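The structure appears right after this line, and notes come after that.
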Amino acid sequence: MHSPGEKESTIPIFNARIGVVENLPEVIRTDNEWRQILTPEQFEVARKNGTEYAFTGKYHACKEPGIYACACCGTDLFDAKAKFDSGTGWPSFFSPVSELNVKTRPDRSAGMVRIEVLCARCGAHLGHVFDDGPAPAGKRYCMNSAALILKKP
């Protein structure tokens, strides 16, 4: 929420369906507002940095075409064409639709050092990225199904 006269902050976000970068407002909501919009599982994963159990998410074995978007704000995140079977039990992608649409930061929780992946527009926790993916990038974006919505063509 912005005070009167306060300018709304926008960020560049790539729209994968039309192939253009748009300046969109950041999505900022309270936990109570997120709870009204999201399922309990989506809220726990995306807003509270939870993780679903391996092989339980609705997209871990999905082979359908489309764009995987943020379950919280609808920002395009991953093209199904970049999805691969990593054998880990979570949906895995070798690259996002654009580096503009995701942010990363160090995550030292659970006694590990990992790189957390977040939605650039709303800050939703999506999962983690690892350096053991396929060539040429060698990245594995290991995402939680609960943080994603598949937008079919």
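Brief remarks follow.
- Packing-based ranking of 146-153, 82-89 yields 146-153, 82-89, ordered from highest to lowest mean Cβ neighbour count within 10 Å.
- Where a label projected 7 Å from the Cα of residue 37 along Cα→Cβ would reach, residues of region 107-127 with amide N under 14 Å: 119-125
- Between the amide H of residue 130 and those of 140, 141, 142, distances stay under 5 Å, these residues lying 5 or more places away or on another chain, with hydrogens modeled in the peptide plane.
- GNM result for the chain, Cα springs below 10 Å: residue of 12, 91, 136 fluctuating most strongly: 136
- Percent of C-alpha pairs per 5 Å bin, the chain, short to long: 2, 10, 18, 23, 22, 15, 7, 3, 1, 0, 0
- Local electrostatic count, residue 29, Cβ distance below 10 Å [Lys/Arg +1, Asp/Glu -1]: 0
- Separation of region 14-72 and region 108-141, taken as the distance between their Cα centroids, equals 15 angstrom.
- Straight-line cross-link partners of residue 58 among the lysines, defined as a Cα under 20 Å from its Cα and at least 8 positions apart when in the same chain: 48, 81, 83, 151, 152.
- Ordering 104, 86, 128 by the projection of their Cα atoms onto the charge dipole of region 41-153, which places +1 on the Cβ of Lys and Arg and -1 on the Cβ of Asp and Glu, puts 104 at the extreme positive end.
- Sorted by Cβ density within 10 Å, fewest first, the residues 34, 90: 34, 90
- Scalar couplings 3J(HN,Hα) for region 77-94, obtained by applying the Karplus form with A = 6.51, B = -1.76, C = 1.60 to θ = phi - 60°, are 10, 9, 8, 4, 5, 9, 7, 9, 8, 8, x, 8, x, 10, x, 10, 10, 8 Hz; x denotes Gly and Pro.
- Simple Cβ-charge dipole of region 10-151, Lys/Arg +1 and Asp/Glu -1, about Cα centre, in debye nearest 20: 20
- Contour excess over end-to-end distance, with Cα ends at residue 55 and residue 135 and 0.36 nm allotted per residue: 26.4 nm
- Amide H partners (placed H, <5 Å) of residue 86, local residues excluded: 92
- Local electrostatic count at residue 65 - Lys and Arg +1, Asp and Glu -1, tallied over other residues with Cβ under 11 Å: +3
No value in this document is a laboratory result; all are computed from the given coordinates. All figures in this text were calculated on a predicted structure; none of them were measured in a lab. Because the Cβ atoms are built from the backbone with ideal geometry, glycine has one as well, and the counts that use them run over all protein chains shown.
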